[in-house]
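Asker: I am attaching a structure below and will ask some questions about it afterwards.
Rule-based calculations on the coordinates, nothing more; no lab input. Values in this document were obtained by computation on a predicted structure and should not be read as measured data. FYI the Cβ positions are ideal-geometry reconstructions off the backbone, even for glycines, and counts take in every protein chain you see.
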Amino acid sequence: MELCKSSLSTGAVIRAILLEDKTVASRVGKVYPIVADSAELPYIVYRRAALEPTPSKSGMPVSDHIEMELQCCTADYGEGVELAEAVRMALDHVSAEHDGQRMRACTLIGAEEDYQEDAFIQKLTFDIKI
């Protein structure tokens, strides 16, 4: 029996889009869910930060809003900004379907930058409608 995919599977759609995008794939080796303990730079980490169901009048969810955070981790600041730009171009205002999961819309809603443990980090936050 095959499970029906819900918004909990949104990360798989994001990962597929990033790995299939030629510009992103040319700049980064790996795209990991949640955390990468001993990954070699550069890489991208994604995580679902929030989920807000949108119920119908009957109370059943008809769509969900997902807040997805992506961290572009690089050894060089400029390389990180270029990777973040490529990720934005791949995801911002995009709709897609992957393995039975449909993403109706994806919009950049925030960005931060940081430096941790010898890595420059460009953090992008997207609002995703499922």
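Asker: For a protection proxy built on the mean count of beta-carbon atoms within 10 angstrom, sort 78-86, 103-111, 10-18 highest first, please.
Answerer: Those peptides, ordered most packed to least, come out 10-18, 78-86, 103-111.
Asker: Amide H to amide H, which residues 5 or more places from Asp76 or on other chains are under 5 Å from it, using H placed in the peptide plane?
Answerer: Amide H to amide H, under 5 Å and 5 or more residues apart or across chains, Asp76 pairs with Phe120.
Asker: With only Lys, Arg, Asp and Glu charged, each at its Cβ (+1 for the first two, -1 for the last two), find how big the charge dipole of the chain is about the Cα centre; round to the nearest 20 debye.
Answerer: In debye, rounded to 20, the chain gives about 700.
Asker: ³J(HN,Hα) across the range 105-122 via Karplus (A = 6.51, B = -1.76, C = 1.60, θ = phi - 60°), whole Hz, x for Gly/Pro?
Answerer: Values per residue, Gly and Pro as x: 7, 9, 9, 5, 10, x, 8, 9, 9, 7, 9, 9, 6, 6, 9, 7, 10, 9 Hz.
Asker: Sum up the charges of everything whose Cβ sits under 9 Å from the Cβ of Thr54, counting Lys and Arg as +1 and Asp and Glu as -1, but leave Thr54 out.
Answerer: Net local charge, Thr54 excluded: -1.
Asker: Next question, about the same structure. Run the simple label-point estimate for Ile34 and Asp114 please: 7 Å along Cα→C-beta, distance reported in nm.
Answerer: 1.7 nm
Asker: I would also like to ask the following. With contacts defined as alpha carbon pairs under 8 Å and 6 or more residues apart, what's the relative contact order of the chain in percent?
Answerer: Reported relative contact order: 25 percent.
Asker: 222 nm [θ] for the chain, helices only, -39500 (n - 2.57) per DSSP H run of 4+, per residue, to 500?
Answerer: The per-residue figure over the chain is -7500 deg cm²/dmol.
Asker: Enter the mean projected area of the convex hull around the alpha-carbon atoms of the chain, in nm², rounded to one decimal.
Answerer: Result: a mean projected hull area of 8.7 nm².
Asker: Enumerate the amide H contacts of Glu113 below 5 Å, restricted to partners 5 or more residues apart or on another chain; note that Pro and chain-start residues carry no placed amide H.
Answerer: Answer set, sorted by chain and number: Lys123.
Asker: Compare the Cα positions of Cys72, Ala96, Val24 along the charge dipole of the chain (+1 at Cβ of Lys, Arg; -1 at Cβ of Asp, Glu; about the Cα centre) and return the one farthest towards the positive end.
Answerer: Ala96
Asker: Still on this structure, please answer the following. What is the extension gain from His93 to Ala12, computed as 0.36 nm multiplied by their sequence separation minus the C-alpha to C-alpha distance, in nm to one decimal?
Answerer: Gain on stretching His93 to Ala12: 27.4 nm.
Asker: What list of ³J(HN,Hα) couplings, whole Hz, do you get for the range 75-81 from phi and the Karplus terms 6.51, -1.76, 1.60, once you set θ to phi - 60° and write x for glycine and proline?
Answerer: 7, 10, 4, x, 4, x, 5
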